[in-house]
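The values are calculated or read from the model by the stated rules, or taken from the named source; none is laboratory data. Note that the coordinates shown come from a computational prediction; the quantities given were computed from them, not determined experimentally. All Cβ positions, glycine included, derive from the backbone under ideal geometry; neighbour counts span all protein chains shown.
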Amino acid sequence: MALFLLRGRFFKPRTDTKRAMTAVQSYCSSMAGRQRVNGVDLFYEQTGSGKHPVLLLPGALGCTRTDFGPQLKSLNKELFTVVGWDPRGYGKSRPPRQRLPT
């Protein structure tokens, strides 16, 4: 039998997976992934599950983590759904394919 440590306490895994996933999601600070847009894989990060969406748009040379790390951590996760993305070629997004002169 596996035990999980969370905030200094041990927990037994639940057999009801839907309830277990809900419990895990409430403790997770964010989720991240890649989304293919026009043939390019763009990285995104989402936190919170509120009814007010907030889209974070990084500046010229930034990415979600460098420009908006504090906002992703501190905005009210019950009030806001915060989504940040890394532009093409920045952060964890793929750079564009290009031919370099030889």
Name every residue in segment 61-76 that is among the hydrophobic types (A, V, I, L, M, F, W, C), in a loop (DSSP other than H, G, I, E, B) and closer than 20 Å to Q35 by Cα, in order of residue number. C63
Could you list, in sequence order, the residues of segment 58-73 that are farther than 14 Å from R88 by Cβ and of a type in the set (V, I, T)? T66
Test: V24 is modelled with pLDDT of 80 or more, not charged (D, E, K, R) and not in a loop (DSSP other than H, G, I, E, B): no
Criterion: assigned to a strand (DSSP E or B), in contact (Cβ under 8 Å) with a residue 24 or more places away in the chain, more than 13 Å from the chain's Cα centre (by Cα) and surrounded by 10 or more Cβ atoms within 10 Å (Cβ to Cβ) - qualifying residue of P58, P53: P53
Restricting the search to segment 77-95, which residues are part of a loop (DSSP other than H, G, I, E, B), under 17 Å from S30 (Cβ atoms) and out of contact with any Cys (no Cβ under 7 Å at 6 or more places or on another chain)? K77, E78, L79, K92, S93
Go through segment 33-50 residue by residue and tally those that are surrounded by fewer than 16 Cβ atoms within 10 Å (Cβ to Cβ) and out of contact with any Lys or Arg (no Cβ under 6 Å at 6 or more places or on another chain). 9
